[in-house]
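*Asks:* Pasting a structure here, questions to come.
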């Protein structure tokens, strides 16, 4: 059975559900929907970056500093974040800190991003285990190296991941 997603009023924050659609139609028509994005950091501040599999329906084979995915119809963002973290990295019982809600739109996707952050501590949390259908590889990057790579035009980062992390960095600098 095909996954159904809620459709959102374009540009509104917080999001307002205005209908539903099968995931395939949402992608084909680039309809406004919602997604969760989780930044996984370790206690030293490094970020877990992963390579998307070549079979992903959006930005296949590209690197991404965010773990996440589409919120399904009727699902709450917090529940979707917990689900995605467990599905993609096998991490359960992670404390999630909400960061922001903001729209990301390009020619391939159009979503209200609910962003979160979590701190992973080896030994305290279960080991990271990639879901083979979605995560091809993963590694830790120091914050400065990650932001440096994101700033380079030729790096292979998913456009939404690049943009959302750039906005996150900018917002952090603007805080008192």
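Values quoted throughout were computed directly from the atomic coordinates according to the rules given, and no laboratory measurement underlies them. Since we're looking at a predicted model, the values are computed, not measured. No Cβ is skipped: glycine too gets one built from the backbone with ideal geometry, and neighbour counts run over all protein chains shown.
*Asks:* Ranked from highest to lowest mean number of other Cβ atoms within 10 Å per residue, what is the order of the peptides 83-89, 109-115, 136-142? Intermediate values should be presented prior to the final figure.
*Replies:* Values: 83-89: 20.6, 109-115: 23.1, 136-142: 14.4.
Highest-to-lowest ranking by the protection proxy: 109-115, 83-89, 136-142.
*Asks:* Kindly provide the helix-only [θ] at 222 nm of the chain, computed as the sum of -39,500 (n - 2.57) over DSSP H runs of four or more divided by all residues, to the nearest 500 deg cm²/dmol?
*Replies:* -8000 deg cm²/dmol
*Asks:* Restricting things to Cα coordinates, could you compute the convex hull volume per residue of region 4-174 in Å³?
*Replies:* Details: hull volume 19.4 nm³, N = 171.
For region 4-174, the hull spanned by Cα atoms encloses 113 Å³ per residue.
*Asks:* Take the alpha carbon atoms of region 132-172, find their radius of gyration, then divide it by 2.2 N^0.38 Å using N residues; give the quotient.
*Replies:* Working: Rg = 11.3 Å, N = 41, 2.2 N^0.38 = 9.0 Å.
My calculation over the Cα atoms of region 132-172 gives 1.25.
*Asks:* Against the longest principal axis of the chain, how steep is helix 159-174, in degrees 0 to 90 to the nearest 10, with axes from Cα atoms?
*Replies:* Relative to the chain, helix 159-174 is tipped by roughly 60 degrees.
*Asks:* With a Förster radius of 25 Å, plug the Cβ-Cβ distance of residue 24 and residue 96 into 1/(1 + (r/R0)^6) and report the FRET value to the nearest 0.05.
*Replies:* That pair, residue 24 with residue 96, gives E of 0.30.
*Asks:* Could you work out how far the C-alpha centroid of region 116-174 sits from that of region 17-47, in angstrom?
*Replies:* So the two Cα centres are separated by 15 Å.
*Asks:* Starting from the eigenvalues of the Cα gyration tensor, five times each then square-rooted, give me the equivalent ellipsoid semi-axes of region 1-82, largest first, whole Å.
*Replies:* Details: eigenvalues 123, 56, 23 Å².
Taking √(5λ) for each eigenvalue gives 25, 17, 11 Å, largest first.
*Asks:* With the Cα gyration tensor of region 73-176 giving a ≥ b ≥ c as the square roots of its eigenvalues, does the rule (a/c under 1.5 for rounded; else a/b larger than b/c for prolate; else oblate) give rounded, prolate or oblate?
*Replies:* Cα axes put region 73-176 in the rounded bin.
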